[in-house]
Amino acid sequence: MTAPARPDAGRNASPFLYGQEAEAVARVLESGQYGHTDVTEEFERRIAGLLGVPDAVAVASGTAALHTALLAAGVGPGDEVIVPSLTFCATVQAILAVGAAPRFVDIDPATLCVTDQLVMEAVDDTTAAVIPVLFGGRAVDLTHQEELTERGIAVIEDAAHAFGSRSGTRRVGTTGAMTCFSFGPIKNLTCGQGGMVIPRTPEEADRIRMMRLLGVARPQGERANSTTYRVGSFGLRYQLSGINAAIGLAQLDHFDTTEHTRRRLWRTYRDALAPLRGVTLVDVDVDHTVPHLCQVHVPHRDDVFVELRARNIGVAVHYPPNHLQPAFAAWRCSLPATEDCGEEILSLPFHQHLTEADVDHVVTTLGQALKSAGGS
Ligand SMILES: *Cc1c(COP(=O)(O)O)cnc(C)c1O
């Protein structure tokens with residue numbers, strides 16, 4: 001007999017609210033200011049403060065963060081951007097948005113991240129940028145980062161999974177790369193929808209600030225008394241609304257709890273999974289990471305997936321490799337480790353509503369699913 005399903009194990013991911021978010025949103029709604037506001041700027045300052053960086057620029061989403069970061073780095077048509085194929089399609093779409101081409105690279109199956117060696121093997125004269133993806137929240141240390149920067153190759157981290165994680169003792173976002181965070185619905189910190197770029201220089205910050213407001217330069221205080229405005233650069237409607245920033249600010253007050261809970265749940269999974277044969281956990285370096293996902297490699301993944309879904313366990317796959325997607329067929333290539341991972345990886349339910357009992361239930365059910373999937 002199958003144990004009765006627990007509702008929180010039925011979802012793969014889910015936002016977690018601490019209780020003050022709705023009130024914070026209501027205050028902004030009542031203020032009548034819904035665009036880029038003081039609340040947005042307070043959110044920028046608080047994020048910069050938590051990370052210990054001089055500046056942070058809020059935008060509408062993680063995708064907008066990647067898009068504007070690439071533009072600010074001067075990446076465009078004729079350029080190639082080194083990127084792992086195993087990432088959310090948003091990373092690749094941001095590259096196409098600036099008219100550049102993705103150069104897909106393979107990953108280390110143990111971490112699902114690129115390595116310094118894989119990146120350096122792919123670098124050539126057309127490389128304008130490298131986008132390491134901090135998969136599952138794990139920091140990626142490129143030993144040659146300084147050399148890349150000196151060669152004019154921008155390192156732009158896709159840290160959509162990695163808000164709060166550390167590289168050694170330093171938070172992700174403080175290691176000299178341009179860093180892009182997502183505050184989408186299920187990320188470590190949510191604004192409902194939102195993103196942030198950690199720029200490398202004040203000039204980069206200025207360029208992104210102008211681009212996120214349709215290129216409109218708005219010297220402080222001037223606009224209210226003026227009959228015109230100045231469009232100073234290319235730009236898009238990419239600002240972070242104060243409505244969304246208010247959610248992020250309310251979440252930030254509890255980020256210690258977020259960190260602690262996500263680490264505890266990941267370690268609970270690790271311990272519970274240890275006795276299961278045939279299952280390999282993707283290593284997120286939990287001591288330094290605020291885990292975003294809990295992923296395993298399993299045999300007969302598609303069958304295991306179906307079995308678990310049938311038992312109301314909210315498993316998912318992050319992600320189907322991009323180099324095999326129809327939209328990116330022009331850049332198809334052979335990436336053996338990525339292709340193997342694409343058939344083996346399975347994301348277990350991972351969000352802050354889970355209890356230790358939920359985790360036990362998921363792992364027990366996974367054990368059963370592996371037996372029926374592999375079996376006879
Ligand atoms: C979520 C995500 C993005 C995009 O962020 P949005 O806020 O959804 O636009 C980019 N890359 C990765 C790896 C993501 O998980």
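Per residue, how much accessible surface does region 255-374 expose to a 1.4 Å probe? Answer in Å², no decimals. Spell out each step's value before the answer.
On the way: 5130 Å² over 120 residues.
Dividing the accessible area of region 255-374 by its residue count gives 43 Å².
Determine the distance separating the Cα centre of region 39-113 from the Cα centre of region 345-367; give it in Å without decimals.
Centre-to-centre distance over Cα atoms comes out at 30 Å.
Could you give the accessible area per residue of region 170-243, probe 1.4 Å, as a whole number in Å²?
For region 170-243, the solvent-accessible area averages 49 Å² per residue.
Can you give the charge dipole size of the chain about its Cα centre, rounded to the nearest 20 debye, using +1 on the beta carbon of Lys and Arg and -1 on the beta carbon of Asp and Glu? Before the final figure, lay out each step's value.
Numbers: 31 positive and 44 negative charges, 183 e Å.
Computed about the Cα centre, the dipole is about 880 debye.
How far apart, in nm, are the 7 Å Cα→Cβ label points at Ala26 and Asn312?
For the pair Ala26/Asn312, the computed spacing is 3.3 nm.
Given a 1.4 Å probe and every protein chain left where it sits, what share in percent of the accessible area of the chain is carbon and sulfur?
51 percent
Quick check for me: using +1 on Lys/Arg Cβ and -1 on Asp/Glu Cβ, what's the dipole size of region 255-374 about its Cα centre, in debye to the nearest 20?
It works out to roughly 180 debye.
Just the accessible area for Glu23, please: 1.4 Å probe, Å², rounded to the nearest 10?
Its accessible surface works out to 120 Å², give or take rounding.
With θ set to phi - 60° and the Karplus curve 6.51 cos²θ - 1.76 cosθ + 1.60, what are the ³J(HN,Hα) couplings of region 258-272 in order, to the nearest whole Hz, using x for Gly and Pro?
Working through the residues one at a time gives 4, 4, 5, 5, 5, 5, 4, 5, 5, 5, 4, 4, 4, 5, 5 Hz.
Mind pulling the angle between the C-alpha long axis of helix 242-252 and the longest principal axis of the chain? Nearest 10 degrees, somewhere in 0 to 90.
Compared with the principal axis, the helix lies near 50 degrees.
The values are calculated or read from the model by the stated rules, or taken from the named source; none is laboratory data. These numbers were taken from a predicted model, which means no experiment stands behind them. Cβ coordinates were reconstructed from backbone atoms using ideal geometry, including for glycine residues, and neighbour counts include every protein chain displayed. What goes into the accessible areas is simple: the full protein's heavy atoms, side chains included, and nothing from ligands, DNA or RNA. Shrake-Rupley method; radii C 1.70, N 1.55, O 1.52, S 1.80 Å.
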